[in-house]
1. Mind listing the phi-derived Karplus ³J(HN,Hα) values for the stretch 54-61, rounded to whole Hz, using 6.51, -1.76 and 1.60 with θ = phi - 60°, and x for any glycine or proline?
2. For the stretch 23-147, give the magnitude of the charge dipole about the Cα centre (Cβ charges: +1 Lys/Arg, -1 Asp/Glu; no others), in debye to the nearest 20.
3. With each run of n ≥ 4 DSSP H residues scored as -39500 (n - 2.57), what mean residue ellipticity at 222 nm is computed for the chain after dividing by its residue count and rounding to the nearest 500 deg cm²/dmol?
4. Considering only the other residues whose Cβ falls under 14 Å of the Cβ of LEU51, what net charge follows from Lys and Arg at +1 and Asp and Glu at -1?
5. Using modelled backbone amide H atoms (1.01 Å from N, in-plane), which distant-in-sequence or interchain residues come within less than 5 Å of TYR85's amide H?
6. Taking only Cα atoms, what is the 0 to 90° angle, nearest 10, from helix 91-106's long axis to the longest principal axis of the chain?
7. Please give the net charge around GLU29, taking every other residue with its beta carbon less than 12 angstrom from that of GLU29, where Lys and Arg add +1 and Asp and Glu add -1.
8. Describe numerically, in nm with one decimal, the distance between label points set 7 Å from Cα along Cα→Cβ at GLU5 and at GLN24.
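The values are calculated or read from the model by the stated rules, or taken from the named source; none is laboratory data. Keep in mind the model is a prediction, meaning the values are calculated, not measured. Here the Cβ is made from the backbone with ideal geometry for all residues, glycine too, and neighbour counts use every protein chain on show. The area values use the complete protein model at the heavy-atom level, side chains included, leaving out ligands, DNA and RNA. Shrake-Rupley method; radii C 1.70, N 1.55, O 1.52, S 1.80 Å.
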Amino acid sequence: AHELEGETEFTVETETGDTQTNPQTGISEANGLVNAGLPAVVGPAASNVNLQVAQQVYIPNRIVGISPSSTAPAVTDLDDDDYIYRTCPSDALQGPVLADLAVDRFEASTVGTLYLNDNYGQALEEEFVAGFEENDGQAVNRVSFEPEQASYSSQISEALNDNPDVLMVVGFPQSGITLFRDFYNEYASDYDVPILVTD
């Protein structure tokens with residue numbers, strides 16, 4: 001809006017809402033923006049929030065939603081009457097590209113995965129594993145985790161079982177900070193494993 005001030009004859013009014021990466025909070029905030037009369041919203045960022053907000057708020061109210069970072073393939077398949085958009089590619093692209101990287105750069109034939117247990121984490125991990133297996137790789141340990149836990153030691157231990165050639169992690173910073181703290185405090189000295197992270 002600031003970039004458009006003085007450049008057009010239009011007055012651009014904006015409001016913001018914070019989803020806190022939580023679907024219920026996102027729905028509440030989106031309803032507030034709809035009730036304020038906004039015709040379009042940039043966001044939500046997270047796929048698990050965007051899918052819920054799109055289906056429960058944007059589409060029924062005919063509001064245009066444009067996410068800059070909601071990458072779950074399920075967004076593509078929404079029955080949205082052309083109201084839901086995104087400016088980033090689907091994980092149907094990111095997953096296989098990451099798998100190619102694991103094979104080409106690290107010559108990996110086995111992988112352990114750690115992924116957030118939501119729409120984003122599950123879908124991206126599945127796309128990665130499918131691409132990795134197409135490259136004759138084997139996913140030896142596929143471990144989901146819940147957001148913002150006090151520790152991820154047991155999940156890391158499970159993912160590193162069998163000494164995979166690569167560890168692939170899908171998550172958000174809130175969980176990642178704890179997860180990588182646990183990895184470097186407890187496992188890094190015993191496992192010299194390349195780690196791939198997603199967008």
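1. Result, rounded to whole Hz: 4, 6, 9, 10, 5, 5, x, 9.
2. 520
3. Values: 6 runs with 74 residues, N = 199.
Calculated mean residue ellipticity at 222 nm is -11500 deg cm²/dmol.
4. -4
5. For TYR85, the qualifying residues are GLY65, ILE66, SER67.
6. The answer is roughly 30 degrees.
7. Values: positive: none; negative: GLU15, ASP18.
Net charge in that neighbourhood comes out at -2.
8. Each label point lies 7 Å from its Cα, and together they span 3.8 nm.
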